[in-house]
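The values are calculated or read from the model by the stated rules, or taken from the named source; none is laboratory data. If you're wondering where the values come from, they're calculated on a predicted model, not measured in any experiment. Methodologically, a virtual Cβ is constructed for each residue, glycine included, from the backbone with ideal geometry; neighbour enumeration extends over all protein chains shown. Just so you know, the surface numbers come from the protein's heavy atoms only, side chains and all, with ligands and any DNA or RNA stripped out. Shrake-Rupley method; radii C 1.70, N 1.55, O 1.52, S 1.80 Å.
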Amino acid sequence: MAPDSRRVRGPEESQSPLLYVPCSEAVAEVPRAVFARAGLLSQASGSAYLEMGGTKVLCAVWGPRGAPGRCRLQCELRWAPFSRRGPRSSPRQAGLLLQESLEAAVRLERYPRAELAVWALVLEERGCGLPLAVSAASLALADAGIEMYDLAVGGGLSRGPGGQLQPDPLDTEEESGATVYLSLLPALNQVSGLVCSGEWEGDSAVEAIKLCMEGCQRLYPVLQQSLVKATKRKIPEPQSG
Amino acid sequence: MTAMETGMVSNRYSVSRPFTSGRESCSGMASVQLSEAEKVYILHGIQDDLRVDGRGCEDYRCIEVETDVVSNTTGSARVKIGHTDVLVGVKAEMGIPKLGSPGEGYVEFFVDCSANATPEFEGRGGEELGTEIANVLYKIFDNKSSLNLKSLCIQPREHCWVLYIDVLLLECGGNLFDTISIAVKAALFNARIPKVRVLEDEEGAKDFELSDDPYDCMRLNVTNVPCIVTLSRIGHRHVVDATLQEEACSLASVLVSVTSKGVLTCMRKLGRGSLDPESIFEMIECRHKILRQFLGAIPAFWVQGKGATRGETSTQVPNFTHSSLFKDKYMHLHTQPYSAVCMSLSRESTAI
């Protein structure tokens, strides 16, 4: 059989080189630096860009546009193919988690027979992609002028091998063990989304959720500020005199 | 009280909100339509700790577990809770270990929502619910302690057992997640994986020898396999084991998966409402009470049963006679009178 000239074929017993890549032992600074900007895409109804540490999320909101039935929040969360090392695809059904977190924050009953589309894209993932996408999406919804009860602010936390709780973990820390992702409506003090994985003994889960909520409360003013800035940019200064 | 709280959390006024159509989360897929009066009736009953079927807020319905029901599988179980009926089959097949974990086997889940359960599942209708349940199952098994995957490895990097766990929904009567998790646990308990010997000749070529004796098998330790407890927030209280009607009244529920030691392995909020942090803590705390009530009865059989007492993960079952292997095991966990769990285990030893 003629050899396949189009590709270089490795030896029969070959492994992915990624198996031998050493994990970086980086430790996240606490708190990680946050950059938030709303209203940067000109064609979407609303948009937001959020950066925390090395994690970068871009989110666009389209709508409300006509659709039959009750108002639907159509959410999609994708990870860019180059977002992280290794051939890892998007986690399953991330859009559904995003939807669950946002639905409690948006006044859907104000938009009958309409549809809101939320597209979030994680450009670069260094941990906490999902909670950051929740914050970015609610920022974009607010930027689009959608009526909401409150901003849904996402927060993440992981437990290291020593049992210490690390807020806003890096991706290497996330893989090591137990994680909590939470989305909070800070003004109302309501939890709109909660995903917990790994093993949590005794009351450690309660403690983790409380710490996560504190992180959300800290992020809240940053998001509010960026919203104010975006609104000021949109509305021209009133002419004096 | 803010608009948010009245509309979404307390549920007291939520009856006026449109509940129908749209993508409801999970159990909402097989939802029923309730009138406002019915909802208020259920809500008021729950406030007084008395549900429509006479249970208290933290009582399960009668749980029926039947193992070894499908002969073509490695292990199978059928679980009924009220009108919810679930059939789970485990099939063990040989595969190649995943790159990330060369010394371990792995588990694959597939949930089939049959149109028998509700006409909404016809065609591709049940797909979304199916993948959601499968994802939750992946998540509760995504830790080191729930299942010893190392015991499924035959040869590192080359061969391992892959457990395909197929869940079939026969009937939906509320509380799908709990029922499925019990059925998965029972089916894994029932699974008998044939022993494999690896023979190597002088040139290094490997050959497998599967034991001819069907009773020469390994069994899985299911002591740490978690069960899901779904707590639905209705009004100012939470209920376990909600029926379809009760699920229609609930805007948010918390799914907690707990092992028999009370360790949380997964937690998720379901539904489109939001929850007060205090009520979440209350629900987490409540697991101990439920564990005593309902898990307490199961390990009596699953831990002291034939398979798992023999120590660790994959012990050989010596002197396993024909009659004891193919026994028709039928377990009946009954919540009499909806509070105390008692278990009757009838073992008809019909030798084959």
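In Å² (nearest 100), what accessible area is buried between B and A, both sides summed, heavy protein atoms only, 1.4 Å probe?
Values: alone 16520 and 14160 Å², together 26960 Å².
By this definition, chains B and A bury close to 3700 Å².
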B:H236 - accessible surface, heavy atoms, 1.4 Å probe, Å² rounded to 10 | 90 Å²
Ignoring any ligand, DNA or RNA, what whole percent of the accessible area of region B:32-103 comes from carbon and sulfur when the probe is 1.4 angstrom?
-> 51 percent
If you plug each phi of region B:267-282 into the Karplus form 6.51 cos²θ - 1.76 cosθ + 1.60 with θ = phi - 60°, what whole-Hz ³J(HN,Hα) values come out, in order, with x for Gly and Pro?
-> 9, 8, 8, 10, x, 9, x, 10, 10, 6, x, 4, 6, 5, 4, 4
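Please state the equivalent ellipsoid semi-axes for chain A: what are the square roots of 5 times the Cα gyration tensor eigenvalues, largest first, in whole Å?
On the way: eigenvalues 231, 119, 66 Å².
Computed over chain A, the values are 34, 24, 18 Å.
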Between B:A252 and residues 5 or more places away or on another chain, the pairs with built amide H atoms under 5 Å apart involve B:R233, B:G273
Cα extents of region B:81-215 along the three principal axes, largest first, in whole Å?
-> 60, 33, 30
Please list the non-local residues whose amide H lies under 5 Å from the amide H of B:D59, H modeled 1.01 Å from N, same-chain partners needing a gap of 5 or more.
-> B:V240
Residues in region B:257-290 reached by a label modelled at A:A67 [backbone nitrogen below 20 Å; 7 Å Cα→Cβ] | B:271-274
Ordered by residue, what ³J(HN,Hα) values in Hz, to whole numbers, does region A:62-77 give under the Karplus form 6.51 cos²θ - 1.76 cosθ + 1.60, where θ = phi - 60° and Gly and Pro are x?
-> 10, x, x, 10, x, 7, x, x, 5, 5, 10, 9, 9, 10, 9, 10
List, in order, the whole-Hz ³J(HN,Hα) value for each residue of region B:156-167 obtained from phi through the Karplus relation with A = 6.51, B = -1.76, C = 1.60 and θ = phi - 60°; use x for Gly and Pro.
-> x, 6, 10, 9, 8, 8, 10, 9, 8, 9, 9, 10
Between A:C75 and residues 5 or more places away or on another chain, which pairs have amide H atoms under 5 Å apart, with H built 1.01 Å from N, and which residues are they?
-> A:V118
Between the residues A:P68, A:S138, A:L108, the Cα farthest towards the positive end of the dipole of region A:59-183, that dipole coming from +1 and -1 charges on the beta-carbon of Lys, Arg, Asp and Glu, is from A:P68
Which of the aspartates and glutamates could a cross-linker span from B:K206 if the Cα-Cα distance has to be under 12 Å and same-chain partners fewer than 8 positions apart are dropped?
-> B:E158
Among the listed pairs B:K91/B:K289; B:K80/B:K269; A:K56/B:K98, those beyond 32 Å (Cα-Cα) = B:K91/B:K289
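Considering all alpha-carbon pairs of region B:36-151, what whole percent are spaced by more than 23 angstrom?
Details: 3599 of 6670 pairs.
That fraction is 54 percent.
Summarise the partner chain shielding of B:278-285 as one whole number: the mean count of Cβ atoms from other chains within 10 Å of each residue's Cβ.
On the way: counts 2, 2, 6, 5, 0, 0, 6, 2.
The mean count of partner-chain Cβ atoms within 10 Å per residue comes to 3.
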